[in-house]
């Protein structure tokens, strides 16, 4: 996002954790004139808005009620906002046992929340000519595998659109290999491929996937398996493997504001790291740069959008 004044930002999942701190950090930048807080719950969003106004001294926050797991809610939220969104931060996400449940749109909750709802939101803005400059999708190192946390790298027989579609609607896990941690990594992987596809289609704007890394002070670990939850909350901080909330949020802020971050690239921690400098994940997992896989991801996703 350029430093010209009068910029409008929209952030999903903005009432808590990383999304809320992204809103705080962007509100402190002089070019930011308006921030839409896209949240599922109006009461929680209202509380977050008041806290953000107190923390920043600025009254630039507007609430948009939007549940990204519900495509109808996304479309209603899109219709409720005015004008151009210069920067869209797609932060909302979910992981946990209920993530494998199917939504009314016939996709797993983990995919609907992390990817599909954001597809409808971003492509809706594009179709209406209302995405100004940049879109940032919250990624995860799980998309390339996390051996230290026993999260497997996404692996497919062909990475065809047909095969990726089975991840989206849960059929991939029908033979008893259900693993919501793997499903989370696969969703983030497909989301990163889709963003790279959009970058090729729309070279006049920037589409970047950025992982906040292993970040303390979020609710993300509350729903994961107990061993991983304990590791996230206690072991990783004790070993210096994770970083503070504001550091993870700044990664997404950099995705919005740093012009040296290239469109179409998935940025996250270096190999075997969960914090530190951002690097191109295709150097670690070359499948992310495969143009055919990017096309297949886009095709698979759109089978579930009516």
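When you look at residue 184, is it assigned to a helix (DSSP H, G or I), modelled with pLDDT under 95 and over 30 Å from residue 85 (Cβ atoms), yes or no?
Here the answer is no, as residue 184 does not meet what is asked.
For segment 124-160, name all the residues that are assigned to a loop (DSSP other than H, G, I, E, B) and either crowded, with 16+ Cβ neighbours inside 10 Å or in contact with a strand residue (DSSP E or B) (Cβ under 8 Å, 6 or more places away or on another chain) (or both).
130, 139, 140, 145, 153, 154, 156, 159
Which residue out of 90, 100 is in contact (Cβ under 8 Å) with a residue 24 or more places away in the chain, touching a strand residue (DSSP E or B) at 6+ places or on another chain (Cβ under 8 Å) and crowded, with 22+ Cβ neighbours inside 10 Å?
Testing whether each residue is in contact (Cβ under 8 Å) with a residue 24 or more places away in the chain, touching a strand residue (DSSP E or B) at 6+ places or on another chain (Cβ under 8 Å) and crowded, with 22+ Cβ neighbours inside 10 Å leaves just 90.
Have a look at 253, 247 and point out the one that is at pLDDT 95 or above and either assigned to a strand (DSSP E or B) or surrounded by 21 or more Cβ atoms within 10 Å (Cβ to Cβ) (or both).
Being at pLDDT 95 or above and either assigned to a strand (DSSP E or B) or surrounded by 21 or more Cβ atoms within 10 Å (Cβ to Cβ) (or both) holds for just one of 253, 247, which is 253.
Only one residue in 297, 231 is surrounded by 21 or more Cβ atoms within 10 Å (Cβ to Cβ), at pLDDT below 95 and not in a loop (DSSP other than H, G, I, E, B). Which one?
Unique residue meeting the criteria: 231.
Looking only at residues in segment 266-294 that are in contact with a strand residue (DSSP E or B) (Cβ under 9 Å, 6 or more places away or on another chain) and part of a helix (DSSP H, G or I), which one is nearest to residue 245 (Cα to Cα)?
281
Considering segment 31-69 alone, what residues qualify as being within 15 Å of residue 89 (Cα to Cα) and in a helix (DSSP H, G or I)?
Once the filter is applied, which keeps residues that are within 15 Å of residue 89 (Cα to Cα) and in a helix (DSSP H, G or I), segment 31-69 yields nothing.
Could you list, in sequence order, the residues of segment 1-30 that are assigned to a loop (DSSP other than H, G, I, E, B) and either in contact with a helix residue (DSSP H, G or I) (Cβ under 9 Å, 6 or more places away or on another chain) or at pLDDT below 95 (or both)? Give the derivation first.
We begin by selecting, within segment 1-30, every residue assigned to a loop (DSSP other than H, G, I, E, B); these are 1-6, 13-16, 28-30.
Those that are assigned to a loop (DSSP other than H, G, I, E, B) and either in contact with a helix residue (DSSP H, G or I) (Cβ under 9 Å, 6 or more places away or on another chain) or at pLDDT below 95 (or both): 1, 2, 3, 4, 5, 6, 13, 14, 15, 16, 28, 29.
The values are calculated or read from the model by the stated rules, or taken from the named source; none is laboratory data. It should be emphasised that the depicted structure is a prediction, and the values quoted were computed from it without experimental measurement. Methodologically, a virtual Cβ is constructed for each residue, glycine included, from the backbone with ideal geometry; neighbour enumeration extends over all protein chains shown.
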